[in-house]
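To keep things clear, I will list the structure first and then write my remarks on it.
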Amino acid sequence: MLVIDSSVVLAWLLPDEHSSEAESTLRRMREEAALAPTLLAAEVGNVLLAASRRGRISGDFCDEAFAKFEQYPIDLVPMQRDHVREALALGSRYALTVYDALYLRLAAEHRAMLCSYGTRLRAAAASHGVTCN
């Protein structure tokens, strides 16, 4: 099982962030289930909108990229208050944002591999006993 964060999804969607590592993770999703907290959709949408506003991508590309994101086989897991409370503790322990800590919490809960390009999140995962891509 994989837990996918927004840095990986955006590497799939944004041409200037494309990488062979991201493509490898995308191929892996054909064989393994993928999860993410529901906040993934908002994070991806926000980055795409900001990129459009800055002229990095067009408005049409923004819409097309989000539609493509919606087709990825990632199960979005609703976050409850107790999940956020756990993320607060993880964020405090590892100096993460609550957003990043929610990915770490989900990966730990499901004993899943965390797929992220965030340096701090990857370090926290290693310290927490969660495997990273």
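For segment 32-87, what are the residues that are acidic (D, E) and within 25 Å of R105 (Cα to Cα)?
E32, E43, E70, D75, D82, E86
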Can you go through G91, G45, G59 and tell me which one is small (G, A, S), modelled with pLDDT under 95 and out of contact with any Gly (no Cβ under 9 Å at 6 or more places or on another chain)? G59
Hey, which of the helices (runs of 4 or more DSSP H) in segment 24-133, taking only ones fully inside, have at least 2 residues that are surrounded by 19 or more Cβ atoms within 10 Å (Cβ to Cβ) and within 14 Å of the chain's Cα centre (by Cα)? 39-53, 98-110, 119-128
Can you tell me which of A101, A11, A89 is touching a helix residue (DSSP H, G or I) at 6+ places or on another chain (Cβ under 9 Å), under 17 Å from T131 (Cα atoms) and among the small types (G, A, S)? A101
Would you please name the residue that is farthest from A36 (Cα to Cα), looking only at residues in segment 1-22 that are part of a helix (DSSP H, G or I) and among the polar types (S, T, N, Q)? S20
Within the bounds of segment 56-67, is there any residue that is touching a Leu at 6+ places or on another chain (Cβ under 8 Å) and among the aliphatic types (A, V, I, L, M)? yes
Evaluate the following for L90: is it of a type outside the set (D, E, K, R) and under 20 Å from A125 (Cα atoms)? yes
Residue by residue through segment 16-33, note down the ones that are closer than 16 Å to I57 by Cα and either touching a helix residue (DSSP H, G or I) at 6+ places or on another chain (Cβ under 9 Å) or hydrophobic (A, V, I, L, M, F, W, C) (or both). E17, H18
Contact list, first residue from segment 90-105 and under 14 Å from L40 (Cβ atoms), second anywhere and among the β-branched types (V, I, T) and buried (at least 18 other Cβ atoms within 10 Å of the Cβ), beta-carbon distance below 6 Å, six or more apart or interchain, is Y103/V3
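The values are calculated or read from the model by the stated rules, or taken from the named source; none is laboratory data. Here the structure is a predicted model, which is why all the values come from computation and not from measurement. Backbone-built Cβ (ideal geometry, glycine too); neighbour counts: all protein chains shown.
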